[in-house]
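The values are calculated or read from the model by the stated rules, or taken from the named source; none is laboratory data. Just so we're clear, the structure is a prediction, and the values are computed from it rather than from any experiment. Because the Cβ atoms are built from the backbone with ideal geometry, glycine has one as well, and the counts that use them run over all protein chains shown.
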Amino acid sequence: MSPHHQDSMRKTIGQVVNEVAALYPDNMALAHPDSGTRYDYHRFLSEINRAARGLMSLGIQKGDRVALWAPNVPEWIISQIALAKIGAILVPVDHGAGKKELGYILEQSGSGSLIMTRGLAGDEYLTILSEIEYGQHLEHVILIDRKPHPGTISWAELADRGDEIDAETLADRECEIEASDPVAIMYTSGTTGKPKGVILDHVGLVNKSLFSAQRQGLDNQDRLCLFFPLFHMFGNTCITLAGLIQGASIIMPCKKFDPSSILSAIDTEQCTAIYGSPSMFIALIDNPQFDTGRWKTLRKGTIGGSPCPVELMKRLVQEIGISDITVAYGITEASSWITMTRPDDPLDRRVSTIGTALECNEVKILDPVTGDVLPPNTPGELCTRGFLMKGYYRMPAATASVIDREGWFHSGDLGMMDERGYVKITGRLRDVIVRDGLEIYPSELEETLYKAPGVSEVQVFGFPHPERGHEVAAWIRPKEGAQVSLEGLVQFAKEHLSEEQQPHYFKVVTEFPMTRSGKVQKFKLAEMAKKEYLGS
């Protein structure tokens, strides 16, 4: 244990939720305005315990993998905590998964049961499941629905089964769970190659949630707006667990990202904290229904997932008044956040850095070639230690390639740290573009091009070029109603970037290819550009 772990909590997720519910029984735990569901902590805990006993009645044991495939509904969070209480391992599935992705995750994780909804639009999840071979191997399919469906157990039936098992039996099972036991296998979006299942334990998720909640200044009076997909760690850990650990309220405005429901819930539910990627924030404040006056209760929250443009941060803090919003950097393999700014950090520090290491983990910058620790303000690879994953599920070689013998996780992200411990991300090891032998960092160009008039979002990326090694493209999404011309962009780049940095290819687009967790897929942009510009 390094000195950073001195105040860490050795508790399971179940223990923490039990304690919080005892402390704040009348606080609202979860609200889902859509379905009219509202639970105070007392009722929330009893719903969780009923589901946990129902799962036990099906014979689900400690260590069994149970997949969860649903959009943002209250039962998602209830299932998450119920599975943690009985020692089962949660395997979240992207709510937009198709046949291939669902089949791969069920099979790779060896999930014995699946908790799911009928679908986002109609019964499409049921149709997809019936078309996968692995579907036949599942022992139980639990359907989050009032109406039963052949071959599945309805949510109501699960709860009724829970009444057959007494509270002591559940309490005994809870006593068998250790803080170091695995609690989830979360699949990384796999921007390159096959998704990898990251094995996470109770102690990692609990401590990262606790320390990040403290850094943001969350307390039991906060109301967190949760619209980030729950299958993603940002949704299920950085927002949900961080809120629950403090006895705060989780407000879930929509099943999947829907700006108008979110805008209305922020106002009617008096949300105090908001979370999302820069693209999500841009979509909310660019929406015709956006009105600063309806955001007056918002003070806190976190922007993560990709670098935050200066202009966006200025608008959020100075014009809209979310004065204490933080910027954070995290990865699934590190049980969520690694660094975070402080609510009282000056604006420029909140946009030019990703903050300092959380108190429960360490960060260092290494030379990716020699492995030496680099002096302040020198770019290298960001590495972190403290509450990391237990490994990639059934992928020991992949695990060994990212966690070194001293327990440091090598992120593949390039960054530098100043004398005060503030970290800047300068790019991905594989995102650096080398053109004519010169290194070009996309994030530096993006920051500059964001300042061009009428620009809402910028993506700068490299694609292979026969003569130059790589070429640089800048694709731009204009603000609603703004006129952005290619000539104007080329001119702006000439005036603000050095000749070596100039993108040679510009394009105005209406959208970018995204992962469902809100990250732009640069490798797809590179493929599109190669086809478009080089015809290959």
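The figures follow:
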quantity	calculated
Hey, Arg405 outside any strand (DSSP E or B) and either more than 26 Å from Met9 (Cα to Cα) or touching a strand residue (DSSP E or B) at 6+ places or on another chain (Cβ under 9 Å) (or both) or not	no
Boolean, Gln502 is farther than 22 Å from Cys308 by Cβ and exposed (fewer than 14 other Cβ atoms within 10 Å of the Cβ)	no
Matching residues in the range 44-74 - criterion: being under 16 Å from Ile185 (Cβ atoms) and outside any loop (DSSP other than H, G, I, E, B)	Arg65, Val66, Ala67, Leu68, Trp69
Qualifying residue in the range 24-43 (condition: in contact with a helix residue (DSSP H, G or I) (Cβ under 6 Å, 6 or more places away or on another chain), of a type in the set (A, V, I, L, M, F, W, C) and in a helix (DSSP H, G or I))	no
Any chance Lys522 is over 25 Å from the mean Cα position of the chain (by Cα), modelled with pLDDT under 95, within 18 Å of Pro309 (Cα to Cα) and of a type outside the set (A, V, I, L, M, F, W, C)	no
Residues of the range 488-536 that turn out to be in a strand (DSSP E or B) and over 17 Å from Val434 (Cβ atoms), as a count	5
Residue match in the range 232-241 (condition: touching a Leu at 6+ places or on another chain (Cβ under 8 Å), among the hydroxyl-bearing types (Ser, Thr, Tyr) and farther than 18 Å from Pro92 by Cα)	no
Members of the range 340-378 that are in a loop (DSSP other than H, G, I, E, B) and charged (D, E, K, R)	Arg342, Asp344, Asp345, Glu359, Asp367, Asp372
Hits in the range 416-450 (condition: within 19 Å of Val327 (Cα to Cα) and part of a strand (DSSP E or B))	Met416, Met417, Val423, Lys424, Ile425, Thr426, Gly427, Arg428
Meets criteria (among the hydrophobic types (A, V, I, L, M, F, W, C), under 24 Å from Gln491 (Cα atoms) and touching a residue at least 60 places away in the same chain (Cβ under 8 Å)) for Leu438	yes
Residue in the range 85-99 that is modelled with pLDDT of 95 or more, touching a Pro at 6+ places or on another chain (Cβ under 6 Å) and under 15 Å from Lys62 (Cα atoms) present	yes
Candidates Arg215, Arg173, filtered to the one that is in contact (Cβ under 8 Å) with a residue 60 or more places away in the chain, outside any loop (DSSP other than H, G, I, E, B) and over 27 Å from Gln61 (Cβ atoms)	Arg215
Subset of the range 270-329 that is among the polar types (S, T, N, Q) and closer than 16 Å to Val351 by Cα - its residue that is surrounded by the fewest Cβ atoms within 10 Å (Cβ to Cβ)	Gln318
In the range 181-198, the residues that are at pLDDT 95 or above and either under 10 Å from Tyr393 (Cβ atoms) or within 15 Å of the chain's Cα centre (by Cα) (or both)	Pro182, Ala184, Ile185, Met186, Tyr187, Gly197, Val198
Lys451, sole failed condition from (1) within 30 Å of Gln289 (Cβ to Cβ); (2) crowded, with 16+ Cβ neighbours inside 10 Å; (3) among the charged types (D, E, K, R)	(2)
Unmet requirement for Arg43, which otherwise passes all of (1) among the basic types (Lys, Arg); (2) touching a strand residue (DSSP E or B) at 6+ places or on another chain (Cβ under 6 Å); (3) over 28 Å from Lys194 (Cα atoms)	(2)
Ala97 being outside any strand (DSSP E or B) and not basic (Lys, Arg)	yes
Pairs with Cβ under 6 Å, 6+ apart, first in the range 6-24 and within 18 Å of Gly204 (Cα to Cα), second not β-branched (Val, Ile, Thr) and not in a helix (DSSP H, G or I)	Ser8/Cys360; Arg10/Ala179; Lys11/Ala179; Thr12/Ala179
